[in-house]
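Have a look at the structure below before the remarks.
The values are calculated or read from the model by the stated rules, or taken from the named source; none is laboratory data. Keep in mind the model is a prediction, meaning the values are calculated, not measured. Counting neighbours? That spans all protein chains shown, and the Cβs are built from the backbone with ideal geometry, glycine included. The area values use the complete protein model at the heavy-atom level, side chains included, leaving out ligands, DNA and RNA. Shrake-Rupley method; radii C 1.70, N 1.55, O 1.52, S 1.80 Å.
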Amino acid sequence: MAIETILLAVGAGDAERIDRLAEETIDVAGPTGATVVIGHVFTRDEYDEALDNLDFDITAEEVSADDVARRHAIVRELTRRFDEADIDYVVHGRVGHHGEKLVELAGEVDADRLVVGGRKRSPTGKAVFGSVAQEVMLESSCPVTFVRADTK
């Protein structure tokens, strides 16, 4: 199976994993020539906060989730690294439930691989608090690569 499109799921909590997420994505996208779709999903509160923090003037201009995602620090750092590695990419933002929107986006862009970051959690932590990465792994129609910051 050829890999033409990789969805790299990122969020505010991925700052500690950015090195690993970039490395793992470049390791696959480089040799395959795949396009990377950087997908940033915001909850409504995260989106509203990002609009305020990034100084968007929502009274003067229409602002999309894609616009907000492009200006997010994690996305800017990833695009810088992909530019350096000569990796083609696009940025998509979505507002809603993280796992659900990531699975939807993977279908929309016809992703061949989905890369998602996470942290080590106890079984009780997963049961009580849920896990976006776990939801994505169970619901995605394409293979998922899980990247943890605490492994090398």
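Number of residues in the range 57-108 that are within 24 Å of T32 (Cα to Cα) and more than 13 Å from the chain's Cα centre (by Cα): the value is 11.
Residues are listed down the side, and each one gets a yes or a no for (1) hydroxyl-bearing (S, T, Y); (2) open to solvent by 20 Å² or more (accessible area, probe 1.4 Å):
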| residue | (1), (2) |
| --- | --- |
| I3 | no, yes |
| A9 | no, no |
| T35 | yes, yes |
| H40 | no, no |
| R76 | no, yes |
| D88 | no, yes |
| G99 | no, no |
| L102 | no, no |
| V109 | no, yes |
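Here D14 meets the list (1) farther than 19 Å from H92 by Cα; (2) among the acidic types (D, E); (3) under 14 Å from the mean Cα position of the chain (by Cα) almost entirely, failing just condition (1). The condition of being at pLDDT 90 or above, under 26 Å from T145 (Cα atoms) and surrounded by fewer than 19 Cβ atoms within 10 Å (Cβ to Cβ) holds for only one of R44, R70, that being R70.
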